[in-house]
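Read the structure below first, then the notes.
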């Protein structure tokens, strides 16, 4: 109740921070898809590259969030604006589930369908767009879904480097030792994560091949 | 029948294929005449599937060359080559996210056929392989094994190729369905007169369907015989095959010749 009161009283700032949060998550997920899906396709077709690529993505995933922000701070163009830094860090975290699921999805396509397709004279691109991607799309989307849920949570840390988002409330609440303020950041962030999970999950089911 | 020397549909010239140190195929010389059904018979690992895949360049030879319609298949654009050769495999490999109609109509569609022409071709092919028209809107997982392989054959025939490569197409079917499909294959072949290369390890199937049987063993072509010659052959490998399949194979040879 008190939390709701606080949000209503500070609604202008609340909407700003929610907007910033979505901005960070949206851009980072988009970038991670633009990089991760082609990479996943590549390593599915070049199995020798799969270990180094997935290994690197794993290592990035293992770096603690705050430390990663710290590493990026001295980078010239990035360090100039904290939201750029936050977006890059979130992108790096989102890569692993997207690359891995793209890889798994494409590797899971029935080899007989691929052989028949190749034997029929489909080009590599036709095979990719007509057969592999449509069959892998739901697995790829479930990777995107995991990435978004991770990002929504992780983006709260971005406030520590001044990139904004709902983490502002959390850090302020921690400083003020005021649970109301912490929850005013934490609960909406959790709700965002659930909504994103639900939304992409719906899309995933819609696009699942029969 | 055309004289075989005139223009073989497929010709293997001193073809060898090696993976690492394993000689999968050695010095293969073989001609497939236009309109015949050549069966490649042999046990697992004898090189028959490799031989088949050399024709549509799913496998490239380490030595020698393969001529398709008189021209080396390495000089033809590989996509064009494959679209002119139907390919049917045991696992069928239908696209699970496409309806039967889209599966059959895919190559015509990417070849730029208009929708109407593709549609009537799909209907024609379904009839040809003995499937009801309403199956066109179903998905592969809604079909029985026999229906699936019929769709596989229809798909291979879609763009009307002159050559058909079939890799144990009926091997995974139950005996009754296999018998149906073999009988239909013979009827189809009477009507269409395609050049067919057919891989099997089943002697009965080879005798029934083949106009000639090429027996392979350990990467080498042992002999090429007609079904009638095969059952009487004194060649040790051919005789071993006939013995392994026991009594009654001679009648299979006669049935296939009709």
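Taken together, the criteria place residue B:158 among residues that are within 10 Å of chain A (Cβ to nearest Cβ) and buried (at least 20 other Cβ atoms within 10 Å of the Cβ).
Answer yes or no: is there a residue in region A:116-128 that is farther than 30 Å from residue B:163 by Cα and more than 11 Å from chain B (Cβ to nearest Cβ). Checking region A:116-128: not a single residue is farther than 30 Å from residue B:163 by Cα and more than 11 Å from chain B (Cβ to nearest Cβ).
Select from region B:77-119 the residues that are more than 11 Å from chain A (Cβ to nearest Cβ) and either touching a strand residue (DSSP E or B) at 6+ places or on another chain (Cβ under 7 Å) or part of a loop (DSSP other than H, G, I, E, B) (or both) and list them in ascending order. Selection gives B:112, B:113, B:114.
Counting only helices (runs of 4 or more DSSP H) that sit wholly inside region B:128-210, those with at least 3 residues that are within 28 Å of residue B:242 (Cβ to Cβ) are B:175-192, B:203-209.
Tell me which residues, restricted to region A:79-107, are assigned to a helix (DSSP H, G or I) and surrounded by fewer than 17 Cβ atoms within 10 Å (Cβ to Cβ). Within region A:79-107, A:79, A:80, A:84, A:104 qualify.
Can you spot a residue in region B:16-34 that is over 19 Å from the mean Cα position of the chain (by Cα), away from chain A (no Cβ under 14 Å), under 23 Å from residue B:217 (Cα atoms) and surrounded by 22 or more Cβ atoms within 10 Å (Cβ to Cβ)?
Filtering region B:16-34 down to residues over 19 Å from the mean Cα position of the chain (by Cα) leaves B:16-24, B:26-27.
Now narrow it down to the ones that are away from chain A (no Cβ under 14 Å): B:16-24, B:26-27.
Next, only the ones that are under 23 Å from residue B:217 (Cα atoms) stay: B:16-24, B:26-27.
Okay, now just the ones that are also surrounded by 22 or more Cβ atoms within 10 Å (Cβ to Cβ), so B:17.
Looking for residues that are over 19 Å from the mean Cα position of the chain (by Cα), away from chain A (no Cβ under 14 Å), under 23 Å from residue B:217 (Cα atoms) and surrounded by 22 or more Cβ atoms within 10 Å (Cβ to Cβ), one finds at least one in region B:16-34, hence yes.
Selection of region B:27-42 for residues being within 14 Å of residue B:215 (Cα to Cα) and out of contact with any helix residue (DSSP H, G or I) (no Cβ under 9 Å at 6 or more places or on another chain) yields B:29, B:31, B:38.
Readers should treat all values here as calculations from the given coordinates under stated rules, not as data from a laboratory. Keep in mind that what you see is a predicted model, and the values were worked out from it rather than measured. So basically every Cβ, Gly included, is an ideal-geometry build from the backbone, and we count neighbours across all protein chains shown.
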